[in-house]
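The values are calculated or read from the model by the stated rules, or taken from the named source; none is laboratory data. Because the structure is a prediction, the values reported are computed rather than measured. Note: ideal-geometry Cβ built from the backbone for every residue, glycine included; neighbour counts use all protein chains shown.
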Amino acid sequence: MKTFFAPAERDDPENVEKDFGLFRRFEKLSDIIDGLPYIALILNKERQLVFSNQYLVDLLGAKDLLELVGKRPGELINCVHANENEGGCGTSESCRYCGAVNAIMNCLNTKKRSEGECRIIARNADNEEVAYDFYVTASPFRHNDNEYVILSFNDISNEKRRKVLERLFFHDILNTAGGLKGFLEFLNTFPEDKDKDELLNIAMSLSDQMIDEIMAQRELLAAERGELTPYPKTVYAKRITSDIKFQIEHHPVTEGKEIHIDAPDEDLMLITDPVLLRRVLLNMTKNAVEASKPGQVISISYSLDEENKQVTFSVHNEGEMTPDVKAQVFQRSFSTKDTSRGVGTYSIKLLGEKYLKGTVNFSSDAENGTTFVIKLPVAL
């Protein structure tokens, strides 16, 4: 079978069940691993589950462990990439950047312990996407001339989320506050006989940005807890895209770059939550600006799909994403900047799909650049 990373081949079902029986008969093994407060698995050399602790069985709501035997880690937790390729977990293009697969492969190849962080987007019982951050440890184990891997998943999602949100909040709020302070100092030295109205408007915009950053963190925390309530109102596409353009034009990252709005002559109306839509479009635009070089153009556009009763908003920049960025762009703690970032594109997906009931996707190549798209129902 075709694979883009780890071997696709699996062991015969008879051998897998034989391994399961072997470990089940190990005296006190279940008692030992059932006492661990995290997921603990034993995999064969084909990365298939042959034994685990009760923690995994309870987490997945399985009837018993035998129901899970033979599956690979991504298949167990319903990773969104596990079925992209016929070879299953570990064989898709995205899998080459998975911390769990890499830890397992390193362990098998070096016969040494391997560990690291792992970001996974999975689907829950309601088919909703859920973001996980794990610390994985893979240790080699040999028995009866057969190679196995003892794999543990320690959920660090809360810790990662807290650190990312805290650092992001302080980074952005200090950045905006610094810009406001500098601008007010400049305004204070401006000649009295000059018209200050335009400059005061810019100062107001910067203060609005600072308040907006605080509100963004509060909304994202509520969204992840499932406590965010959308408040649909009538929204006009022309007005909201113009507001986004005005706000981002006065952001420090926009210096030397152009922002255009490409839109039809007629305005478009939809009923949705304007605050959440503005948050999504602002993150899409800010990411596009940060990915652009001085002199490049960022385009914001919108259109109506009458047949499907959808309004499409898109943001385009001229650059192309690297393969690793494409594979991980919607993961919560992944970032092309530094370890304190990695929330912008994740929040686009979370707010756009879970709360605005739209669909979010992107395309990126050398010829056409990068475009992020959100398609929203005309009425929420």
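Brief remarks follow.
- In the range 53-62, of all residues being touching a helix residue (DSSP H, G or I) at 6+ places or on another chain (Cβ under 6 Å) and not in a loop (DSSP other than H, G, I, E, B), the one that is nearest to Arg24 (Cα to Cα) corresponds to Gln54.
- Residue match in the range 122-129 (condition: of a type outside the set (D, E, K, R) and closer than 21 Å to Thr3 by Cα): yes
- When Phe313, Phe362 are checked against the criterion of being more than 21 Å from Leu221 (Cα to Cα), within 19 Å of the chain's Cα centre (by Cα) and either basic (Lys, Arg) or modelled with pLDDT of 90 or more (or both), a single residue qualifies: Phe362.
- For the range 65-84, filtering for residues that are within 23 Å of Lys349 (Cα to Cα), surrounded by fewer than 21 Cβ atoms within 10 Å (Cβ to Cβ) and touching a residue at least 24 places away in the same chain (Cβ under 8 Å) leaves 2.
- Odd one out for Ile104 among (1) assigned to a helix (DSSP H, G or I); (2) crowded, with 18+ Cβ neighbours inside 10 Å; (3) at pLDDT below 90: (3)
- You will find that of Asp155, Asp64, the residue that is at pLDDT below 95 and more than 25 Å from the chain's Cα centre (by Cα) is Asp64 and no other.
- Residues of the range 27-52 that turn out to be of a type in the set (Phe, Trp, Tyr) and either over 27 Å from Glu9 (Cα atoms) or part of a helix (DSSP H, G or I) (or both), as a count: 1
- Lys111 satisfies every condition listed in (1) touching a Pro at 6+ places or on another chain (Cβ under 6 Å); (2) surrounded by 15 or more Cβ atoms within 10 Å (Cβ to Cβ) except (2).
- Any hit, the range 267-286, residues being in a helix (DSSP H, G or I), modelled with pLDDT under 90 and more than 18 Å from Tyr355 (Cα to Cα): yes
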